[in-house]
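Let me begin by presenting the structure, written as structure tokens, before commenting on it.
The values are calculated or read from the model by the stated rules, or taken from the named source; none is laboratory data. Given the structure is predicted, the values throughout are model-derived calculations rather than measurements. So basically every Cβ, Gly included, is an ideal-geometry build from the backbone, and we count neighbours across all protein chains shown. To get the accessible areas, we keep the full protein, side chains included, count just its heavy atoms, and leave off ligands, DNA and RNA. Shrake-Rupley method; radii C 1.70, N 1.55, O 1.52, S 1.80 Å.
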Amino acid sequence: FLSTPKDIDRAIKEYQTSLALNPNHEMSLQNLAVAYSEKKDAAAVKETIAKLEKVNPNNKIIQRLKEAN
């Protein structure tokens, strides 16, 4: 995801792989939501934010993602 040029689809796949091992991994959920946001996939962003809120409702990225989407 941080490479240049960004490979958002690969990043999403990697975050999903991480979450398959640990569905509550906060950073993977956070980064997955950001990747979906960059991909303009509003439904996936919303779903991922909901999962992130269950893990940590105080995550600082949540509000920014909600405002951006």
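Does any residue of the stretch 18-34 turn out to be in a loop (DSSP other than H, G, I, E, B) and of a type in the set (D, E, K, R)? No, the stretch 18-34 has no match at all. Please name all residue pairs, on different chains or six or more residues apart, with Cβ atoms under 6 Å, provided the first residue is in the stretch 18-43 and is farther than 12 Å from ALA68 by Cβ and among the acidic types (Asp, Glu) and the second residue is in a helix (DSSP H, G or I) and open to solvent by 40 Å² or more (accessible area, probe 1.4 Å). Partner pairs satisfying both residue conditions: GLU26/VAL55. Cβ-Cβ contacts under 8 Å between residues 6 or more apart (or on different chains), taken from a first residue in the stretch 47-69 that is more than 19 Å from GLN16 (Cα to Cα) to a second residue that is in a helix (DSSP H, G or I) and small (Gly, Ala, Ser), are listed as ALA68/SER37; ASN69/SER37; ASN69/ALA42. Residues in the stretch 2-43 that are open to solvent by 40 Å² or more (accessible area, probe 1.4 Å), of a type outside the set (Asp, Glu) and farther than 20 Å from ASN59 by Cα: LEU2, SER3, THR4, PRO5, LYS6, ARG10, LYS13, THR17, ALA20, LEU21, LYS39, LYS40. Among the residues of the stretch 44-69, the ones that are outside any helix (DSSP H, G or I), open to solvent by less than 80 Å² (accessible area, probe 1.4 Å) and over 10 Å from ALA33 (Cβ atoms) come to 1 in all.
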